[in-house]
Structure formats: C-alpha cells, structure tokens
Amino acid sequence: MPADSVAVARTVAVLREAVNGWRARQQRIALVPTMGALHRGHLALVEAARRHCDRVIASLFVNPKQFGPREDFTAYPRDEAADLAKFRNAGVDLVFAPTVEEMYPAGFVTTVHLSGIGDDLEGAHRLGHFDGVATVVAKLLLQCLPDAAFFGEKDYQQLLVVRRMARDLNIPVDIKGVATIRETDGLAMSSRNVYLSAAERQTASLLYRALTDTAAALAAAPDDVAAALRSGLDRLHQAGFVAEYLELRDAADLAPVTRLDRPARLLAAARLGRTRLIDNIRVPPK
Ligand code: AMP
C-alpha cells in the first residue's frame with residue numbers, strides 16, 4: 001500500500017484479519033458506517049470515533065436493501081477515489097468497501113426487522129427502508145466487532161433503530177450519536193444535496209428555519225403542539241416543499257408527544273422537486 005493511501009478491505013476475510021490483530025492487542029475499535037459521497041458530517045463521525053477508540057474502521061457501501069424500488073439507488077452519488085482520500089486525511093485506519101455480492105452472497109435470505117419504531121415516520125414513507133438499514137448494520141457490527149459505532153443525529157430515527165436493534169440482539173457495542181453538521185445557512189449536510197438545483201438549494205435552508213421556528217412556537221405554547229405543527233407545515237408548503245411529515249416525538253423512543261413536557265425531537269421530511277430532504281432538532285421540555 002502506498003504511504004499516501006488508506007488500507008481497504010474488500011472482503012470480510014481481509015477485514016477480520018485486521019480486526020483480530022487489533023483485538024489481540026486490546027485496542028478499542030470504532031466503526032463509522034457510510035454510503036460514501038463524503039461530506040463534513042461523515043468526517044465529524046470519524047473525528048468522534050478517533051477520540052473514543054484506538055482504531056477506526058469506516059465502511060463504504062451503498063446498501064441496495066435500504067432503497068425502495070422507485071428510489072435513487074443507481075443515481076446515488078459515488079466517488080470512491082475521493083472518499084478514500086478523505087478517509088485517509090481524517091485518520092481512518094481501514095476502509096471496509098465490500099461489493100454487493102460480498103455483503104449479500106447468492107442465497108442470502110435474512111432480514112432484521114424492527115416493528116414499531118422501524119415502521120413509523122421514515123419507515124412509513126420508505127417501506128422496507130429500516131429492514132435494509134437494520135440488516136446491513138447488524139452485518140457490519142458482526143463483521144467489524146467494534147467497541148463503539150458512530151451514527152449521525154441527522155438520521156435521528158436511524159440512530160434509535162440501530163441502538164434498539166443492538167440492544168435487542170445483545171450485540172456488545174456502544175452506539176454513539178453525533179450532532180448534525182450544517183451548512184452556514186442551516187441546511188443539514190447530506191450526500192443528496194447535490195441533487196438540488198441552484199434555486200432549490202436556496203429554498204432548502206428553509207427546512208431548518210421551519211424546524212427552529214416551530215420549536216420556538218412550541219416553547220411559547222407547550223400545550224398546543226398541534227397548532228405549532230400546523231403552522232410549521234404551512235410554512236413548508238408556502239416555501240415550495242411537499243412536506244411528508246413534521247412531527248414532535250419523544251426523544252427517547254419516538255412516541256408521539258402532544259404536550260411539551262419531556263425531552264422531544266422535532267422531525268421533518270419534505271421534497272423539493274426530485275430531492276427528498278430530512279432533518280430534525282432537539283426540543284427541550286418547557
Ligand atoms: P450516509 O452516508 O448518508 O448513510 O450517512 C452515514 C452516516 O453519516 C450516518 O450515520 C448519518 O447519520 C451520518 N450523517 C449524514 N449526514 C450528516 C450530517 N450532516 N451531520 C452528521 N452526521 C451525518
């Protein structure tokens with residue numbers, strides 16, 4: 001391997017060799033799962049992983065199972081050479097970049113499904129999405145055997161789904177959440193932001209504005225959650241979004257919240273043209 005590149009494992013066997021060596025030396029291992037098209041949000045996960053562990057594995061795998069039949073799997077942005085350089089500069093020790101055939105060999109029939117939390121919100125709008133996420137993350141955790149795995153709060157429901165799954169299946173890993181990294185105008189960084197036209201990119205920051213304004217309305221009238229959500233949805237529609245949901249949920253389990261009397265999360269999904277954006281913010285209790 002040239003000195004200026006990062007080690008890449010394409011197979012579970014090669015990955016396991018590195019993992020076994022580190023574990024034999026009692027080194028703490030972190031996993032940062034990604035689908036590539038890296039931005040500063042992904043690199044914040046790597047930084048957090050480096051602070052907590054001796055070794056960092058980043059995975060690079062566009063997981064077909066978490067895309068619906070009419071979603072953007074084939075169009076999803078891919079630039080492996082650029083991603084490997086970014087991982088190397090961020091201090092990643094090993095990139096696990098398997099092929100689809102390595103991850104899902106012929107005859108693969110297992111699905112990890114979370115009822116309840118996995119069927120709601122994103123799960124209701126993207127049928128089967130969390131089956132794909134939970135299945136691939138369960139595999140990645142068992143392939144990499146990390147002490148800790150790092151996920152962005154940007155995908156807040158995903159973070160809770162993964163944490164629940166690891167608990168339910170007794171996978172001995174600490175699931176860590178990392179705060180959302182945003183552009184200067186508030187738009188949450190996302191690999192899908194490249195789909196936005198210049199005009200849509202201008203509008204896109206209003207999703208975060210709608211969230212923060214709705215949170216302010218909730219703080220002012222904590223008993224009238226429904227009114228705050230209605231006016232938030234109106235703002236999104238007026239700005240040109242097709243909103244899929246804007247919901248206030250319990251921060252721990254995503255149960256619906258009708259009065260702001262406990263730590264909550266305000267979560268939204270909205271389309272701008274062909275691009276689907278999601279975002280969420282913390283809403284402290286009044
Ligand atoms: P993805 O490549 O979109 O599957 O994301 C890989 C990981 O990066 C997930 O844990 C995401 O939640 C996290 N992530 C994506 N965008 C951001 C962001 N703007 N800030 C922090 N983490 C993020």
Once amide hydrogens are built 1.01 Å from N within the peptide plane, the residues lying 5 or more places from LEU38 or on another chain with amide H under 5 Å from its amide H are none
Per its Cα gyration tensor (rounded if a/c is under 1.5, else prolate when a/b beats b/c, else oblate), the stretch 151-274 is best filed as oblate
Under 5 Å from the placed amide H of VAL283, counting only residues 5+ away or on other chains, we find ALA264, ARG265, LEU266
Given 25 °C, 0.890 mPa s and a Kirkwood radius over Cα pairs, the Stokes-Einstein diffusion coefficient of the stretch 182-225 in µm²/s is 210 µm²/s
Taking 0.36 nm per residue of separation between ARG167 and ALA226 and subtracting their Cα-Cα distance, the length gained on full extension comes to 18.0 nm
Net charge (Lys, Arg +1; Asp, Glu -1) of residues whose beta-carbon lies under 15 Å from that of GLY240, GLY240 excluded, is +3
Interchain or sequence-distant (5+) residues whose placed amide H lies within less than 5 Å of the amide H of VAL8 are VAL95
In whole angstrom, the spacing between the Cα centers of the stretch 253-286 and the stretch 23-64 equals 26 Å
One checks the Cα atoms of the chain and finds Rg and Dmax, in Å, of 19.4, 61
The answer for the net charge of residues other than ARG230 whose Cβ lies under 15 angstrom from its Cβ, with Lys and Arg +1 and Asp and Glu -1, is -4
Here, ALA85 and ARG209, labelled 7 Å along Cα→Cβ, have an inter-label distance in nm of 3.5 nm
Here, PHE73 and ARG282, labelled 7 Å along Cα→Cβ, have an inter-label distance in nm of 3.6 nm
For LYS139, counting only lysines whose alpha-carbon sits under 21 Å away and dropping same-chain residues fewer than eight positions off, the answer is LYS65, LYS176
So for the stretch 132-187, using the alpha carbon gyration tensor with a ≥ b ≥ c as root eigenvalues (a/c under 1.5 gives rounded; past that, a/b versus b/c decides prolate or oblate), I'd call it prolate
Under the Karplus relation with 6.51, -1.76 and 1.60 and θ = phi - 60°, whole-Hz ³J(HN,Hα) for the stretch 67-78, x at Gly and Pro, equal 9, x, x, 9, 9, 9, 4, 6, 7, 4, x, 10
So for the stretch 1-151, using the alpha carbon gyration tensor with a ≥ b ≥ c as root eigenvalues (a/c under 1.5 gives rounded; past that, a/b versus b/c decides prolate or oblate), I'd call it prolate
With +1 at each Lys and Arg Cβ and -1 at each Asp and Glu Cβ, the charge dipole magnitude of the stretch 219-286 around its Cα centre, to the nearest 20 debye, comes out at 220 debye
Of all DSSP beta bridges with both partners in the chain, the antiparallel percent, nearest 5, is 50 percent
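Rule-based calculations on the coordinates, nothing more; no lab input. This is a predicted model, so every value here is computed, not measured. Here the Cβ is made from the backbone with ideal geometry for all residues, glycine too, and neighbour counts use every protein chain on show.
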